[in-house]
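Participant: Please see the structure below; I have some questions.
The values are calculated or read from the model by the stated rules, or taken from the named source; none is laboratory data. Keep in mind the model is a prediction, meaning the values are calculated, not measured. So basically every Cβ, Gly included, is an ideal-geometry build from the backbone, and we count neighbours across all protein chains shown.
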C-alpha cells in the first residue's frame, strides 16, 4: 500500500494543537500533536472513552477526537496523541508517513533559515604586494 501525505486544509503550525489550533507545548516536540484538552475528548472506534496508558507502554489505537482519526504513542507511562494527516490504516503506516513529514518539515525549516536575513559579506583574498612570484 502506497501512503500519500494528505495536505491539511489549514496546516497546523509548530507549537499549536492539530485539532483546535491553540498553543500547545507538546506540539513543539511532536508534529501534529494534540493538546490535553482535545485529548480528553478521545474515544475508541467503539465510541467508548479512550483510556490512558496501562503501564505497559501500549494502549488503544486509533482514537477519534471530534470525528478525526488520531494515533497515540505510549511511552514511560504516558501518551502523546497525534492527528492523522497520513490516512494510515495501522500505527506502523502512520509512523512511516509521520517520519517522512517530520523530515520534510525540518528540511524546509533549515532551507528557510539558510536563505533568511542579510547575507554575510564574502572576503576576497587580498594580494600580498610583498610576495614575490616564483620563477620556474
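Participant: Taking the condition of being loosely packed, with under 10 Cβ neighbours inside 10 Å and either in a helix (DSSP H, G or I) or at pLDDT 80 or above (or both), how many residues in segment 103-130 meet it?
Facilitator: 4
Participant: What strands (runs of 3 or more DSSP E) lie completely within segment 15-102 and have 3 or more residues being crowded, with 21+ Cβ neighbours inside 10 Å? Quick ask: steps written out before the conclusion?
Facilitator: Working: elements: 63-65, 68-75, 78-83.
Counting at least 3 such residues, we get 68-75, 78-83.
Participant: Name every residue in segment 1-21 that is at pLDDT 85 or above and over 19 Å from residue 64 (Cβ atoms), in order of residue number. Explain how you work it out, then say what you get.
Facilitator: Pass one, segment 1-21, residues at pLDDT 85 or above: 15-21.
15, 16, listed by residue number.
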